[in-house]
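The values are calculated or read from the model by the stated rules, or taken from the named source; none is laboratory data. Here the structure is a predicted model, which means the values were calculated and not measured. Note that each Cβ is placed from the backbone with ideal geometry, even for glycine, and that neighbours are counted across all protein chains shown. The accessibility values were calculated without ligands, DNA or RNA, using every heavy atom of the protein model including side chains. Shrake-Rupley method; radii C 1.70, N 1.55, O 1.52, S 1.80 Å.
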Amino acid sequence: MPIISQFYGIIIRVYFNDTEKHYLEHIHVQYNEYDAVYSIKEGSVIEGKLPKKQHKLVAAWIEIHKDELKALWEVSQKDGEIFKIDPLK
(Lines give C-alpha, C1' and ligand atoms only; values in the text may rest on other atoms or scores of the structure.)
Protein backbone atom coordinates (compact mmCIF):
# COMPACT_ATOMS: atom_id res chain seq x y z
CA MET A 1 0.00 0.00 0.00
CA PRO A 2 1.85 3.07 -1.24
CA ILE A 3 2.21 6.23 0.80
CA ILE A 4 0.82 9.20 -1.14
CA SER A 5 1.56 11.87 1.46
CA GLN A 6 3.00 12.30 4.92
CA PHE A 7 2.88 15.26 7.33
CA TYR A 8 3.01 15.88 11.11
CA GLY A 9 3.35 12.15 11.77
CA ILE A 10 0.25 11.37 9.67
CA ILE A 11 0.66 8.81 6.89
CA ILE A 12 -1.83 8.72 4.01
CA ARG A 13 -2.17 5.74 1.68
CA VAL A 14 -4.29 4.48 -1.19
CA TYR A 15 -4.86 0.79 -1.87
CA PHE A 16 -5.07 -0.63 -5.39
CA ASN A 17 -8.48 -2.05 -6.36
CA ASP A 18 -9.94 -1.17 -2.97
CA THR A 19 -13.63 -0.90 -3.83
CA GLU A 20 -15.09 -4.03 -2.25
CA LYS A 21 -15.25 -2.94 1.40
CA HIS A 22 -16.02 0.79 1.29
CA TYR A 23 -17.60 1.19 -2.18
CA LEU A 24 -16.49 4.79 -2.64
CA GLU A 25 -13.43 6.95 -3.18
CA HIS A 26 -11.38 6.91 0.02
CA ILE A 27 -7.95 7.09 1.62
CA HIS A 28 -6.39 5.22 4.53
CA VAL A 29 -4.83 7.33 7.28
CA GLN A 30 -2.50 6.26 10.07
CA TYR A 31 -1.28 8.28 13.03
CA ASN A 32 0.64 6.39 15.73
CA GLU A 33 -1.69 3.60 16.89
CA TYR A 34 -4.75 5.16 15.22
CA ASP A 35 -6.16 4.16 11.84
CA ALA A 36 -9.02 5.69 9.90
CA VAL A 37 -10.56 5.58 6.45
CA TYR A 38 -11.74 8.90 4.99
CA SER A 39 -14.15 9.62 2.16
CA ILE A 40 -12.48 11.74 -0.52
CA LYS A 41 -15.79 13.29 -1.57
CA GLU A 42 -17.03 14.20 1.92
CA GLY A 43 -13.73 14.46 3.82
CA SER A 44 -15.38 12.51 6.62
CA VAL A 45 -14.43 9.35 8.52
CA ILE A 46 -15.90 6.14 7.11
CA GLU A 47 -14.22 3.81 9.58
CA GLY A 48 -11.86 4.09 12.55
CA LYS A 49 -10.77 7.30 14.24
CA LEU A 50 -7.94 9.76 14.76
CA PRO A 51 -7.30 12.20 17.61
CA LYS A 52 -9.27 15.45 17.13
CA LYS A 53 -6.24 17.56 16.12
CA GLN A 54 -5.06 15.06 13.49
CA HIS A 55 -8.61 14.61 12.21
CA LYS A 56 -8.84 18.36 11.56
CA LEU A 57 -5.49 18.33 9.75
CA VAL A 58 -6.54 15.42 7.52
CA ALA A 59 -9.94 16.98 6.76
CA ALA A 60 -8.23 20.25 5.76
CA TRP A 61 -5.67 18.39 3.62
CA ILE A 62 -8.45 16.48 1.83
CA GLU A 63 -10.31 19.72 1.09
CA ILE A 64 -7.17 21.39 -0.29
CA HIS A 65 -6.26 18.40 -2.49
CA LYS A 66 -9.72 17.08 -3.37
CA ASP A 67 -9.26 17.29 -7.16
CA GLU A 68 -5.86 15.61 -7.00
CA LEU A 69 -7.25 12.89 -4.73
CA LYS A 70 -10.13 12.17 -7.11
CA ALA A 71 -7.70 11.92 -10.03
CA LEU A 72 -5.38 9.69 -8.00
CA TRP A 73 -8.27 7.42 -7.03
CA GLU A 74 -9.33 6.95 -10.66
CA VAL A 75 -5.80 6.22 -11.89
CA SER A 76 -4.92 3.92 -8.99
CA GLN A 77 -8.08 1.84 -9.31
CA LYS A 78 -7.90 1.62 -13.11
CA ASP A 79 -4.17 1.29 -13.83
CA GLY A 80 -2.61 0.70 -10.42
CA GLU A 81 -0.54 3.86 -10.76
CA ILE A 82 0.15 6.13 -7.81
CA PHE A 83 1.49 9.66 -7.56
CA LYS A 84 2.46 11.69 -4.52
CA ILE A 85 0.43 14.63 -3.25
CA ASP A 86 2.03 17.54 -1.41
CA PRO A 87 1.84 17.40 2.39
CA LEU A 88 0.05 19.94 4.54
CA LYS A 89 2.44 22.77 5.32
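Could you tell me the relative contact order of the chain? Use alpha-carbon pairs under 8 Å, at least six residues apart, and round to a whole percent.
Values: 140 pairs, mean separation 25.0, N = 89.
Taking the mean separation of contacting Cα pairs over the length of the chain, I get 28 percent.
May I ask you to compute the full-extension gain from residue 59 to residue 47, defined as 0.36 nm times their residue separation minus their alpha-carbon distance, rounded to one decimal in nm?
On the way: separation 12, 0.36 × 12 = 4.32 nm, distance 1.41 nm.
Once the chain is fully extended between residue 59 and residue 47, it gains 2.9 nm.
For the Cα atoms of the chain, what angle does the longest principal axis make with the long axis of helix 66-79, in degrees from 0 to 90, nearest 10?
40
Tell me the accessible surface of residue 47 in square angstrom (1.4 angstrom probe, heavy atoms of protein chains only), to the nearest ten.
About 80 Å², ignoring ligands and nucleic acids.
In degrees from 0 to 90, rounded to the nearest 10, what is the angle of the helix 52-64 Cα long axis to the longest principal axis of the chain?
40
Can you tell me how much longer the chain between residue 8 and residue 34 gets when fully stretched, taken as 0.36 nm per residue apart minus their C-alpha distance, in nm with one decimal? Mind dumping the intermediate values first?
Numbers: separation 26, 0.36 × 26 = 9.36 nm, distance 1.39 nm.
Length gained, residue 8 through residue 34: 8.0 nm.
Find the lysine pairs in the chain meeting two conditions, Cα atoms under 19 Å apart and a separation of 8 or more places or different chains, and report how many there are.
For the chain, the number of qualifying lysine pairs is 19.
Quick check for me: using +1 on Lys/Arg Cβ and -1 on Asp/Glu Cβ, what's the dipole size of the chain about its Cα centre, in debye to the nearest 20? List each step's numbers first, then the result.
Values: 12 positive and 14 negative charges, 82 e Å.
So the magnitude is around 400 debye.
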